[in-house]
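Peer 1: Take a look at this one; I'll ask things after.
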Amino acid sequence: NDTSAKFIVCDKLCANALQSENFPLTPLASLHGLEIFVNRELKSIEINYSDAAFILYTSGSTGNPKGVVVSHKAAITFVDWAVKEFGISINDTLSSIAPFNFDLSVFDIYASAKAGATTILFTEEETKNALVMALKIAEEKISTIYATPTFYTALAYYGKLHKYNFEFLKNVLFAGEVFLPDHFMKLNEAWTSQNYFNLYGPTETNVCTWYKIPSDINEGTVFPIGKACAYAKTVVVDHEGKEITKNNIEGELLVSGDSLFLGYWNDEEQTTSSLTKHNNGEMFYHTGDLVSRDVDGNLHYISRKDRMIKKHGFRIEPSEIERVIAEFEGISGVAIIFNAVENKIWCFLEKNQVIDNEENTLRKYCRSQLPSYMVPDNFVFLESMPKTISGKIDLQALKALSL
């Protein structure tokens, strides 16, 4: 309804659901188990480089999904850069792990198409099974993987990677959330000769900064999100919108460049509020992410502006608590949620081994590692973390559990 789509391609189950909602669908064809319908009057149009190519609906991990309109130019700019920087060629095999409404899939599909490489499509059921994915990555001789840290963490702890040969795997790309140091080291123990890259960028800009992980990393290292891609521009601003030029000063990251989105579908107000003119009138996107820049020019992600906790007058970054708890042996997933009504910090956990007297043990550990005001009030152990369709931890689902 929101997109007024002219064509709809779906499976039979979805087709039945749409028709039961009285959509004005006209059957056009059936192909390989898919139903193709015409939904609107068709008109001939010309396609321009700056026109909309597709709409990606955000996963809704921090609110209602928004339709992010991406132009041909924005998509191709990123794809051209990625193929060059990661050396994708006709000899490569890529994995398609991310669902198609998640911007990671832009790389999986179009970088492969540009280079003439092979893409292996994995089902949702497969991607949720670490044992299956470990086997498939080895069997299909995947050379480049692009996924979230949550996916790699499950693979490292539950995939039994030591059983398989990954000599064909050369690039491991991750994005979408912070890769906690202990979880990265666990993966790196199994995959030692691969090139690792930390890619950063909201759906509205696709990848806009990147950082190659050095081979001689130390335990506990938190990776920067790096420097701007060749087609992007980044500035860090304070709460008044003034550019911060000094190092190690926290501010909001703004992004501009050829990969910038066209706006939000059917939401002019949201589009206007998220974009601002900066640097002689150039349009920049407000990422809502707090960062700082180090002496080498690398950007470091701190947290989301909307996740900031203020408790008893203290300003708390949830990611700081999450990093500390993730270092505790046996923890494979952690997320911090703040209940502002009760003024309490909730800690949701997923473990990969038995922890004796788990809540008291974790509380004692936190008291030894964190200031008292940062120690969670409640600890909740889950069988598995709820995930959004894009594979990230579903913070909205956890927030509902804390109420």
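The values are calculated or read from the model by the stated rules, or taken from the named source; none is laboratory data. Just so it is clear, the model here is predicted, and its values are computed rather than measured. Glycine also receives a Cβ, built like all others from the backbone with ideal geometry; neighbour counts cover every protein chain displayed. These accessible areas exclude ligands, DNA and RNA; they are computed on the full protein's heavy atoms, side chains included. Shrake-Rupley method; radii C 1.70, N 1.55, O 1.52, S 1.80 Å.
Peer 1: At a Cα cut-off below 20 Å, give the aspartates and glutamates reachable from LYS344, other chains included and same-chain residues fewer than 8 away excluded.
Peer 2: Reachable aspartates and glutamates: ASP306, GLU317, GLU320, GLU322, GLU358, GLU359, ASP377, ASP394.
Peer 1: Could you identify which residue out of TYR285, TYR158, TYR146 has the top mean-square fluctuation in a GNM of the chain using Cα springs shorter than 10 Å?
Peer 2: Looking only at TYR285, TYR158, TYR146, the biggest GNM fluctuation is shown by TYR158.
Peer 1: If you bin every alpha carbon distance in region 266-334 into 5 Å steps from zero, what whole percent lands in each bin?
Peer 2: Reading the bins upward from 0: 3, 12, 13, 16, 18, 15, 11, 7, 3, 1, 0.
Peer 1: Which of the three applies to region 140-280, rounded, prolate or oblate, going by the alpha-carbon gyration tensor with a ≥ b ≥ c and a/c under 1.5 meaning rounded?
Peer 2: Because a/c hits 1.5 or more and a/b exceeds b/c, region 140-280 counts as prolate.
Peer 1: A follow-up question, please. I'd like the accessible area for MET185: 1.4 Å probe, protein heavy atoms, all chains in place, Å² to the nearest 10.
Peer 2: 40 Å²
Peer 1: Also: Using a 10 Å Cβ count of at most 12 others and DSSP loop calls, identify the longest part of the chain lacking such trypsin sites (Lys or Arg not before Pro).
Peer 2: On the way: sites that count: LYS6, ARG40, LYS43, LYS242, LYS246.
In short, 44-241.
Peer 1: Roughly speaking, what is the centre-to-centre gap between region 219-265 and region 317-362 when only Cα atoms are used, to the nearest Å?
Peer 2: Result: 29 Å between the Cα centres.
Peer 1: Let me ask something else about it. For a quick check of your reading of the filter: which GluC sites (Glu not before Pro) in region 212-261 sit in a DSSP loop and have no more than 12 other Cβ atoms within 10 Å?
Peer 2: Hits after loop and neighbour filter: GLU219, GLU240.
Peer 1: Students often get this wrong, so try it: which of (i) 21.4; (ii) 22.9; (iii) 23.6 is Kirkwood radius over Cα pairs in Å as calculated from the structure shown?
Peer 2: The value computed from this structure is option (ii).
Peer 1: Report the FRET efficiency, 1/(1 + (r/R0)^6), for TYR164 and ALA397, where r is their Cβ-Cβ distance and R0 is 35 Å, rounded to 0.05. It would help to have the intermediate numbers written out before the result.
Peer 2: Numbers: r = 33 Å, r/R0 = 0.93.
Calculated value: 0.60.
Peer 1: At q = 0.09, 0.15, 0.20 Å⁻¹, what is the log10 ratio I(q)/I(0) for region 1-159, with the Debye formula run over Cα points and no solvent?
Peer 2: Here the Debye-derived log intensity ratios amount to -0.39, -1.06, -1.37.
Peer 1: With runs of 4+ DSSP H residues as the only contributors, calculate the mean residue ellipticity of the chain at 222 nm using -39,500 (n - 2.57) per run, divided by the residue total and rounded to the nearest 500.
Peer 2: Using -39500 (n - 2.57) per qualifying helix, the result is -6500 deg cm²/dmol.
Peer 1: From the P(r) of region 162-229, can you give the percent of Cα pairs sitting at distances over 21 Å?
Peer 2: Working: 621 of 2278 pairs.
Here the long-distance tail beyond 21 Å is 27 percent of all Cα pairs in region 162-229.
Peer 1: Under a Cβ-only charge scheme (Lys and Arg +1, Asp and Glu -1), can you give me the dipole magnitude of the chain about the Cα centre, in debye to the nearest 20?
Peer 2: 220 debye
Peer 1: Can you give the charge dipole size of region 277-403 about its Cα centre, rounded to the nearest 20 debye, using +1 on the beta carbon of Lys and Arg and -1 on the beta carbon of Asp and Glu?
Peer 2: 460 debye
Peer 1: Sorted by accessible area with a 1.4 angstrom probe, largest first, how do HIS32, HIS278 fall?
Peer 2: Heavy-atom accessible area, descending, gives HIS32, HIS278.
Peer 1: Of the residues HIS286, HIS312, HIS162, which exhibits the maximal mean-square fluctuation in a Gaussian network model of the chain defined by a 10 Å Cα contact cut-off?
Peer 2: Evaluated over the chain, the most mobile residue of the options is HIS312.
Peer 1: Rounded, prolate or oblate: which one fits region 224-360, using the alpha carbon gyration tensor with axes a ≥ b ≥ c (rounded when a/c is under 1.5, else prolate when a/b beats b/c, else oblate)?
Peer 2: The shape class here is prolate.
Peer 1: I'd like the antiparallel share, as a percent to the nearest 5, of DSSP beta bridges with both residues in the chain.
Peer 2: Of the beta bridges lying entirely in the chain, close to 75 percent run antiparallel.
Peer 1: Hey, rough spin-label estimate for GLU125 and THR272, points 7 angstrom out along Cα→Cβ, what's it come to in nanometres?
Peer 2: For the pair GLU125/THR272, the computed spacing is 4.9 nm.
Peer 1: While we're here: Here are some pairs, LYS227/LYS310; LYS84/LYS170; LYS84/LYS114; LYS128/LYS160; which of them have Cα atoms lying more than 19 Å apart in this structure? It would help to have the intermediate numbers written out before the result.
Peer 2: On the way: LYS227/LYS310 30 Å; LYS84/LYS170 15 Å; LYS84/LYS114 11 Å; LYS128/LYS160 15 Å.
LYS227/LYS310, as the Cα separations exceed 19 Å there.
Peer 1: Can you pull the one-decimal nm distance between simple spin-label points at ARG315 and VAL132, each 7 Å off the Cα toward Cβ?
Peer 2: About 4.6 nm, to one decimal.
Peer 1: Under the Cβ-under-4.7 Å rule, which cysteines of the chain stay unpaired?
Peer 2: CYS208, CYS229, CYS347, CYS366
Peer 1: So, R0 is 22 Å and r is the distance between the beta-carbons of VAL295 and ILE217; what FRET efficiency does that work out to, to 0.05?
Peer 2: Working from the Cβ atoms, E equals 0.75.
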